[in-house]
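Below you'll find the structure, written out as structure tokens, and then a few comments.
The values are calculated or read from the model by the stated rules, or taken from the named source; none is laboratory data. Everything numeric in this text was worked out from a predicted model, so none of it was measured. Positions of Cβ are backbone-derived with ideal geometry, glycine not excepted, and every protein chain shown enters the neighbour counts. In case anyone asks, the SASA skips ligands and DNA or RNA and just uses the protein heavy atoms, side chains included. Shrake-Rupley method; radii C 1.70, N 1.55, O 1.52, S 1.80 Å.
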Amino acid sequence: QTELKIQRAQTLMQGLGGEKARYVLESERFAAAYQNVVGDVVLSSAIVAYLGPYQSKYRAQMVSKWTLMIKERNIPHSSTFTLEKFLGDPISLQHWRLKQLPSDSFSGDNAIIM
């Protein structure tokens, strides 16, 4: 019986070996995201507060301007910022899309803002 427990423990440890590599990658991703959180929060807050009623072209222009302002002030931010990535929950977005929400980012942003 002890041998069986040892075999199971070894199998479990071997299975968790792959988790370590995934954990290291996720830790690095979270560290980078944490470093950029201030600028990303500023952009997200501005989008939610000011850009809700506007069309996608104007939103993109304003986000570009705000991103430039953040960059000029040396505020760390994600180089590939999108509202969907920062504030969106992938499961909720997928659920909304299954309920006929269009799959474009403008519609996803609108759903997040609402």
What is the P(r) of the chain, as percent of Cα-Cα pairs per 5 Å bin from 0?
2, 10, 16, 15, 14, 11, 8, 6, 5, 4, 4, 3, 2, 0
Label point at Glu28 placed 7 Å out along Cα→Cβ; residues across region 48-81 whose backbone nitrogen lies under 19 Å:
78-80
Pick from Leu98, Leu83, Leu16: which residue has the top mean-square fluctuation in a GNM of the chain where Cα pairs under 10 Å get a spring?
Leu16
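Loop only per DSSP, at most 10 neighbouring Cβ atoms within 10 Å: give me the GluC sites (Glu not before Pro) in region 25-85, ordered by residue number. Could you put the intermediate results ahead of the total?
Details: sites: Glu26, Glu28, Glu72, Glu84; in loops: none.
Within region 25-85, no GluC sites (Glu not before Pro) qualify (loop, at most 10 other Cβ atoms within 10 Å).
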Among 99-107, 34-42, what's the highest-first ranking by average C-beta atoms within 10 angstrom per residue?
34-42, 99-107
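Quick check: at a probe of 1.4 Å, how many percent of the accessible area of the chain sits on carbon and sulfur atoms? Could the numbers behind the result be given before it?
Details: 5250 of 8820 Å².
Carbon with sulfur: 59 percent of the solvent-accessible area.
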What spacing in nm lies between the two simple spin-label points modelled at Glu72 and Leu101, each 7 Å away from Cα in the Cβ direction?
3.4 nm
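Using the Cβ atoms and a cut-off under 14 Å, what net charge is assigned to the surroundings of Gln14, where Lys and Arg are +1 and Asp and Glu are -1?
That sum, taken over residues with Cβ under 14 Å, equals +1.
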For the chain, the per residue accessible area (1.4 Å probe, Å²) is 77 Å²
Could you tell me the relative contact order of the chain? Use alpha-carbon pairs under 8 Å, at least six residues apart, and round to a whole percent.
27 percent
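Can you figure out the FRET efficiency of Val37 with Ala111, using R₀ = 25 Å and their beta-carbon distance, to the nearest 0.05? Working shown, then result.
On the way: r = 22 Å, r/R0 = 0.89.
With a Förster radius of 25 Å, E is 0.65.
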Can you show me the helix-derived [θ] at 222 nm for the chain, built from DSSP H runs with n ≥ 4 at -39,500 (n - 2.57) apiece and divided by the number of residues, rounded to the nearest 500.
-25000 deg cm²/dmol
Could you sort Phe81, Phe30 by accessible area so the largest value comes first, with the probe set to 1.4 Å?
Phe30, Phe81
Going Cα to Cα from Lys71, which aspartates and glutamates come in below 12 Å? Please leave out same-chain ones fewer than 8 positions away.
Asp40
